[in-house]
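Chemist: Dropping a structure here in structure tokens format, bear with me for questions.
The values are calculated or read from the model by the stated rules, or taken from the named source; none is laboratory data. None of these values were measured; they are calculated from a predicted model. Positions of Cβ are backbone-derived with ideal geometry, glycine not excepted, and every protein chain shown enters the neighbour counts.
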Amino acid sequence: MREEHCERPDRRPGIIGTGPVSGFTLLEIMIALTIVGILAALAVPPYLNAARRAKFTEVVTATRVYRLGVEACFEATRDLLPCNAGSHGIPAESPQGATVQVTVSSGIITATGVAGGVPDLLDKTYLLTPAPGPGGSLSWAVGGTAKEAGWIR
């Protein structure tokens, strides 16, 4: 009998599928998936929180013109009681159909997400409470359910 000579020592002649092993083992794939899962578990909650905060900027932005109006009202009257929506330079309450409902009563500004806007904002409130400071300026305290939920600082 003739002895076959193989040019590559990692292959045996005549046997199919006994070539060099390549690819990943099941264990290596499981380890990689575990690492990806851990990274996803660590990254997703901060991402969602940042996304909610970004959406809430619409509510915060809606209060700016009211805040300026309350400051102008306080400057003119030196009192916060007459500072209501629709008077003393403060805009009237938000129009129907807006995604944020803003009200002003005695200088306190309340903004609430309403239906038709971003679903995460529905019924979340942003409360700005003015307090007279030195030199006739106002300082603003921030509160509401959005602050309690950590959407604003």
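Chemist: Within region 106-148, track down each residue that is touching a strand residue (DSSP E or B) at 6+ places or on another chain (Cβ under 6 Å) and farther than 25 Å from residue 88 by Cβ.
Modeler: Those that are touching a strand residue (DSSP E or B) at 6+ places or on another chain (Cβ under 6 Å) and farther than 25 Å from residue 88 by Cβ: 113, 114, 121, 122, 124, 145, 146.
Chemist: What's the number of the condition residue 91 fails, among (1) in a helix (DSSP H, G or I); (2) under 28 Å from the mean Cα position of the chain (by Cα)?
Modeler: Single failed check for residue 91: (1).
Chemist: Could you say whether any residue in region 60-81 is of a type outside the set (A, V, I, L, M, F, W, C), assigned to a loop (DSSP other than H, G, I, E, B), in contact (Cβ under 8 Å) with a residue 40 or more places away in the chain and loosely packed, with under 13 Cβ neighbours inside 10 Å?
Modeler: yes
Chemist: Within region 26-59, how many residues turn out to be surrounded by 15 or more Cβ atoms within 10 Å (Cβ to Cβ) and out of contact with any strand residue (DSSP E or B) (no Cβ under 8 Å at 6 or more places or on another chain)?
Modeler: Residues meeting the conditions: 3.
Chemist: Taking into account only those residues within region 46-69 that are closer than 15 Å to residue 101 by Cβ and among the hydroxyl-bearing types (Ser, Thr, Tyr), which is farthest from the chain's Cα centre (by Cα)?
Modeler: It comes out as 66.
Chemist: Answer with yes or no whether residue 12 is part of a loop (DSSP other than H, G, I, E, B) and either modelled with pLDDT of 80 or more or not small (Gly, Ala, Ser) (or both). Quick ask: steps written out before the conclusion?
Modeler: Working: part of a loop (DSSP other than H, G, I, E, B): yes; either modelled with pLDDT of 80 or more or not small (Gly, Ala, Ser) (or both): yes.
Yes; evaluated as a whole, the condition is true for this residue.
Chemist: Being under 20 Å from residue 51 (Cβ atoms) and among the aliphatic types (A, V, I, L, M) is the filter; apply it to region 116-141 and report the residue that is surrounded by the most Cβ atoms within 10 Å (Cβ to Cβ).
Modeler: Restricting to residues being under 20 Å from residue 51 (Cβ atoms) and among the aliphatic types (A, V, I, L, M), the top hit is 121.
Chemist: Tell me, yes or no, whether region 51-62 has at least one residue that is acidic (Asp, Glu), in contact with a Phe, Trp or Tyr (Cβ under 9 Å, 6 or more places away or on another chain) and either over 21 Å from residue 140 (Cβ atoms) or modelled with pLDDT under 90 (or both).
Modeler: No, region 51-62 contains no residue that is acidic (Asp, Glu), in contact with a Phe, Trp or Tyr (Cβ under 9 Å, 6 or more places away or on another chain) and either over 21 Å from residue 140 (Cβ atoms) or modelled with pLDDT under 90 (or both).
This table checks each residue for (1) modelled with pLDDT of 85 or more; (2) assigned to a helix (DSSP H, G or I).
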{"position": "101", "(1), (2)": "yes, no"}
{"position": "104", "(1), (2)": "yes, no"}
{"position": "110", "(1), (2)": "yes, no"}
{"position": "115", "(1), (2)": "no, no"}
{"position": "120", "(1), (2)": "no, yes"}
{"position": "135", "(1), (2)": "no, yes"}
{"position": "141", "(1), (2)": "yes, no"}
{"position": "147", "(1), (2)": "no, yes"}
{"position": "153", "(1), (2)": "no, no"}
